[in-house]
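Just so it is clear, none of the values below were taken in a lab; they were calculated from the coordinates. All values derive from a computational prediction rather than experimental measurement. Because the Cβ atoms are built from the backbone with ideal geometry, glycine has one as well, and the counts that use them run over all protein chains shown.
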Amino acid sequence: MVLGIVTVGWSQVVSDTVKAVSINQSNQPINPVEAVKDFFKDFHAKDTTALRQHIQKGTQLSSMIISKSRGKQLISSDVDQFLKGIANIPDSLSFEERLLEIKWMGDDHLASVSTTYEFYYDGKFTHNGTNLFILTYIDKRWKITGLTDSRFYP
């Protein structure tokens, strides 16, 4: 049972605002935002071994793609498909997902983290959107148990 909001904190990520709201019912440190930042560090490094450690086995990933030419379409993949896609990005091409704002809320066991972002591929803006992570505290760490993003293409 949620008894109340105990902590509200603010910090900076890529020079933008991070809002943190947690409902902490014990002395266990709550830091799902750091887990998401670590995920993106490994994502940008194309480190599929480390990325696998962030995501709970069996997690589905979904993307809502919205563009004038393709309309709206929802695509889903499993962790292995996602990691294969990352591994297949040539080393000669760079990509960066710039997090603009991070918001989170949750308790000692479950948290949701949303991030707005801009995506750059080989130095060029391609799309923007929102990521929504569901994280569960398992085996003394936050693991991604759900991930959905929106992608707005110009």
For this session: Subtracting the Cα-Cα distance from 0.36 nm times the residue separation, let me have the gained length for T49 to K84 in nm, one decimal.
Result: 11.5 nm
For this session: Enumerate the amide H contacts of L110 below 5 Å, restricted to partners 5 or more residues apart or on another chain; note that Pro and chain-start residues carry no placed amide H.
Result: Y137
For this session: Pop out the ³J(HN,Hα) list for segment 67-75 in order, Karplus 6.51 cos²θ - 1.76 cosθ + 1.60 with θ = phi - 60°, rounded to Hz; leave Gly and Pro as x.
Result: 8, 5, 6, 10, x, 10, 8, 9, 10
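With a cut-off of at most 14 other beta carbons within 10 Å, and DSSP calling the residue loop, which trypsin sites (Lys or Arg not before Pro) in segment 35-88 qualify? Please list them.
On the way: sites: K37, K41, K46, R52, K57, K68, R70, K72, K84; in loops: K46, K57, K68, R70.
Counting only loop positions with at most 14 other Cβ atoms within 10 Å, the trypsin sites (Lys or Arg not before Pro) in segment 35-88 are K57, K68, R70.
Assuming a ≥ b ≥ c are the square roots of the Cα gyration tensor eigenvalues, decide whether segment 106-154 counts as rounded (a/c under 1.5), prolate (otherwise, with a/b larger than b/c) or oblate. Walk me through the intermediate numbers first.
Numbers: a/c = 3.90, a/b = 2.66, b/c = 1.47.
It is prolate, given that a/c is not under 1.5 and a/b is the larger ratio.
Dipole of segment 26-110, Cα-centred, from +1 at each Lys and Arg C-beta and -1 at each Asp and Glu C-beta, to the nearest 20 debye?
Details: 11 positive and 12 negative charges, 93 e Å.
That gives segment 26-110 a dipole magnitude of about 440 debye.
Mean separation of Cα pairs under 8 Å and 6+ residues apart, divided by the residue count of segment 48-154: what relative contact order is that in percent?
29
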Exercise. What ranking of H109, H127, H54 emerges when the number of other C-beta atoms within 10 Å of each C-beta is taken as an exposure proxy, fewest first?
Worked result: H109, H127, H54
